[in-house]
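Novice: Handing you a structure now.
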Amino acid sequence: MRQIFVDTNIVIDLFSEREPFYTSAADLFSLADKEKITLHISALSVANIHYILSRQKKGQEVSAILRKLRVLLKLLPLDSKIIDLSLSDELFTDYEDGIQYYTAIENNMECIITRNKKDFKNAQIPVFTAEEFVSQES
């Protein structure tokens, strides 16, 4: 089964139902639900998702979303090697993007799914939007 890394923004698109991105995010998660792919996120993403959704929804609703997330996605650890790689790398102007990228690389992910492909323009693995990825899998 394909091992796919999902950037935080895709998860936010899904659970916030952000248009026009919601449908492609839902289609991506549907592929995982049908066990056609396995989706992974960084442990950092859980904290970021909690923070962002807490500004939009009530605490109990956010907790319920995060519990669903744990069932839908595999959680990848954030360790000192990933932090060190992100700190020493000049490929990424955004530190959080570097952490996401090195989490994907260190865990042998096949590709990264993000809404902001430009943030990963120097990536050494394929980077797709959810819409691009879903259209190639269909």
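Each reported figure results from applying straightforward, stated rules to the coordinates on display, with no laboratory input. The structure displayed is predicted, hence computed values, not measured ones. Positions of Cβ are backbone-derived with ideal geometry, glycine not excepted, and every protein chain shown enters the neighbour counts.
Novice: Tell me the Kirkwood hydrodynamic radius of the stretch 23-62 in angstroms, computed as one over the mean inverse distance between distinct C-alpha pairs.
Specialist: 11.7 Å
Novice: Continuing with the same structure: Along Cα→Cβ, 7 Å out, is where each label goes; now give me the distance between the ones at residue 90 and residue 2 in nm to one decimal.
Specialist: 3.5 nm
Novice: Take every Cα-Cα pair in the stretch 1-74 and report what % of them are more than 19 Å apart. Walk me through the intermediate numbers first.
Specialist: Values: 797 of 2701 pairs.
That tail contains 30 percent of the Cα-Cα pairs.
Novice: Suppose we look only past 23 Å in the calculated P(r) of the stretch 15-138. What percent of the Cα-Cα pairs does that tail hold? Mind dumping the intermediate values first?
Specialist: On the way: 2480 of 7626 pairs.
Summing the P(r) tail past 23 Å for the stretch 15-138 gives 33 percent.
Novice: Still on this structure, I have one more. Arranged by the count of other C-beta atoms within 10 angstrom, fewest first, what order do 103, 93, 23, 8 take?
Specialist: Working: 103 25, 93 8, 23 15, 8 21.
Result, fewest neighbours first: 93, 23, 8, 103.
Novice: Between the stretch 1-43 and the stretch 68-138, how far is it from one alpha carbon centroid to the other, in angstrom?
Specialist: 13 Å
Novice: Report P(r) for the stretch 48-93: all Cα-Cα distances, bin width 10 Å, range 0 to the bin holding the largest distance, values in whole percent.
Specialist: Final binned percentages: 23, 32, 30, 16.
Novice: Note down the net charge around residue 57, summing +1 for each Lys or Arg and -1 for each Asp or Glu among other residues with Cβ under 15 Å from its Cβ. Don't jump to the answer; show the numbers that get you there.
Specialist: Numbers: positive: 18, 55, 58, 67, 68; negative: 13, 17, 61.
Taking every other residue near residue 57 into account, the sum is +2.
Novice: Mind putting a number on the dipole of the stretch 31-138 about its Cα centre? Charges go on the C-beta only, +1 for Lys and Arg and -1 for Asp and Glu, and I need it in Debye to the nearest 20.
Specialist: With Lys and Arg at +1 and Asp and Glu at -1, about 620 debye.
Novice: Where in the chain are the helices, taken as whole DSSP H runs, whose Cα atoms extend 15 angstrom or more along the long axis and whose Kyte-Doolittle mean reaches at least 1.0?
Specialist: For the chain, where a helix must reach 15 Å along its axis and average at least 1.0, the hits are 43-54.
Novice: Taking 0.36 nm per residue of separation and subtracting the Cα-Cα distance, what length does fully extending residue 56 through residue 81 add?
Specialist: 5.7 nm
Novice: Something else about it: For the stretch 83-138, run through the trypsin sites (Lys or Arg not before Pro) and keep only the ones in DSSP coil with at most 13 other Cβ atoms within 10 Å of their Cβ.
Specialist: Sites meeting the loop and neighbour criteria: 121.
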